[in-house]
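Below: the structure, in structure tokens.
The values are calculated or read from the model by the stated rules, or taken from the named source; none is laboratory data. Not measured: the values here are computed from a predicted model. Here the Cβ is made from the backbone with ideal geometry for all residues, glycine too, and neighbour counts use every protein chain on show. Quick note on the areas: whole protein, heavy atoms, side chains included, nothing else; ligands and nucleic acids left out. Shrake-Rupley method; radii C 1.70, N 1.55, O 1.52, S 1.80 Å.
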Amino acid sequence: MKCYRQTEHVARKIKLSPFISFTWAFLFVIAVGIATTHSTANSNSTANSNSTANANSILLSTLARPAYNPSLFDQRDAKVIELIEQNKLSQARDLLSAAIDDTSFTVKPKLLINRLMLRATIDQMVGANIGALQDLQFAYRLAASSNQQNLLGDVAYAIANIHQTRNEHSIALSYFKQASENYFEHSQIDKYTNTLLKSVTSLLATEQVELAFAALDKSKSLLNVSLGSKSPEYNAEAKNLQGIYFLHLGEALLSSQQFTASIDALKTSLDLLLENQLITKTKVNLLLSKAYAADENIDVAIERIVLAFDIASQAEPPIWLLHSLQLQRASLLAQLNEYEAAFMVTQALLQDRTMRQPISEIKQMLDMHANFQLANQQQENADLKQENEIKSEEIANKQTLNKLYFLVITLLFCLSCLLLLLFIRSRKHRKALEEIAHTDALTSLYSRTRILDLLSHHQDLFSRNPQAYCVAIVDLDHFKQINDTYGHPTGDKVLKAFGEIAKISFRKSDLVGRIGGEEFLIILPNTVAEQATEVFNVFNSKLPKISHALNIEQRVTASIGVVSPKVQETFMDIVSRADKALYTAKENGRNQVVFSKH
């Protein structure tokens, strides 16, 4: 009785929707119709049974079975329905409990079983599943002991339904099996089909996927036989049952991660379900939201969960369904990384829970809370890890940069050394080349080009700052005769010896160069004509030593023409005048120095 009082306390806080009120009213009218045998009540039975929530449809339809004794019901049952219509569930339950206490299970077992099932349904509607199970278990034992086999299937189905809502699926499957066997034995095909469909959820929850699809295939074949075989009203019910089939097919496909097929099946379910099946449509949209979310289509998943809430607001869905909607909402928030909002939703659910709710669902909400805290911790760890990685990367970059700087500096130093070495070598090479270009190979005196450039340079200086200097052209006398007599090698030796004497005979500032075969040009800076004449006479007197050194009979002498340059002259004019002075010396008998003033 304590359990019942708890249920009544919960019932006072919950108002029954007009939809459920109408359902219970219709059930009682059917029951009274059986007793009064009014045909109008039977017609209302078919019309109004469509508005019953699918989870309890078989249980509630038990009261409408024509085989029941019409004398089983009295005025108290009518009052119970009236109170239910007024959303006074606590009073309705009190009255029904009094009727149950007055019902003898030995005299009227069928009536007692039906009243127990009715009270269990009220308890289940307000979330008092434990109280509902107690009534149903008593009804089950009573049906079995009183040989009420035609009611045993309904009671087993109702028990299975409660265990399923509590996520006790293994227990639910054992009762679904008993219910389906009972319905099949009594040829209640629609109830048998519905039980097969209802068991799919528990089969999937226990990972018996193959058995779930087998149950769906069997249900499909039964639905195809039923559709079109009876009245239009029955066809509407069969079509609605097909909608329920596609609901569970979509659920099975979703469990198998066949998201596109699941979505198609669930959409087909919505098309087949009757308009008044609001709770079932709510569940379909809930599953569609889960399917779209699993298929990573979050936007459509959100649209579907919003639609599910909208449809649920038009009915009075069971608590477990409302909580499932909120859990899916929290799951979508979590998928959007809105963990705080998801936690707030689950926290609100925890506050709304009672101890009668399935422990697994509470665990799911606690897990979501833990996931939220874990996600925060993981985010902090990720931030710290990222910060450490950034710092490590910065340190590594600095080290790499330092290594790069060192490498660049080393390379630059090596390159500088190499360039310096190349510069020194190139300078030496250039100097050597210049020396080769400026030096006569045989005599080691200046070459023709170099001596003429030096003469041009001196003449430019002389034009700006006239300081006397002299220029001479020296020609060895009868040099051709030496070549002809003693050979060219001896002639070369004579020229080489001439160069050696010239190097030791003139000053360092004096410039001597070979301008032809046996002709030489000599520049004497800061020297006047008289000094130049004397210098060249002394030099000419040294040349005969060459004959003695080379042991040749022909005496080596030279004819020398000397000039003093003028300001307005070019270096070629100077060479021309010196050359004329040379020819004068040759004409005068050779071996002499001639100075030309003109």
Requested in this report: For Phe462, indicate whether it is of a type in the set (Phe, Trp, Tyr), touching a residue at least 60 places away in the same chain (Cβ under 8 Å) and part of a helix (DSSP H, G or I).
Outcome: yes
**Report entry** Lys177, sole failed condition from (1) over 50 Å from the mean Cα position of the chain (by Cα); (2) assigned to a helix (DSSP H, G or I)
**Finding:** (1)
Query raised in the report: What residue, among those in the stretch 131-163 that are of a type in the set (A, V, I, L, M) and more than 19 Å from Lys108 (Cβ to Cβ), is surrounded by the fewest Cβ atoms within 10 Å (Cβ to Cβ)?
Result: Leu133
Requested in this report: Search the stretch 529-556 for residues being of a type in the set (Val, Ile, Thr) and part of a loop (DSSP other than H, G, I, E, B), and hand back the single one that is least open to solvent (accessible area, probe 1.4 Å).
Outcome: Val556
Query - Test set (1) touching a Ser or Thr at 6+ places or on another chain (Cβ under 8 Å); (2) open to solvent by 40 Å² or more (accessible area, probe 1.4 Å) - Val306 fails condition number - result: (1)
Query raised in the report: Restricted to the stretch 424-450, and to residues that are open to solvent by 60 Å² or more (accessible area, probe 1.4 Å) and touching a helix residue (DSSP H, G or I) at 6+ places or on another chain (Cβ under 7 Å), which residue is nearest to Glu500 (Cα to Cα)?
Result: Ser444
Query raised in the report: Being within 19 Å of Leu241 (Cβ to Cβ), of a type in the set (Phe, Trp, Tyr) and part of a helix (DSSP H, G or I), is that true of even one residue in the stretch 128-141?
Result: no
Query raised in the report: Would the stretch 383-392 turn up any residue that is of a type in the set (A, V, I, L, M) and modelled with pLDDT of 85 or more?
Result: yes
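Conditions (1) more than 22 Å from Thr195 (Cβ to Cβ); (2) of a type in the set (Lys, Arg); (3) at pLDDT below 75; (4) outside the structural domain of Val155 (by TED's automatic domain parsing), marked per residue:
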site: Val32; (1), (2), (3), (4): yes, no, yes, no
site: Asn48; (1), (2), (3), (4): yes, no, yes, no
site: Arg76; (1), (2), (3), (4): yes, yes, no, no
site: Arg93; (1), (2), (3), (4): yes, yes, no, no
site: Ser97; (1), (2), (3), (4): yes, no, no, no
site: Thr103; (1), (2), (3), (4): yes, no, no, no
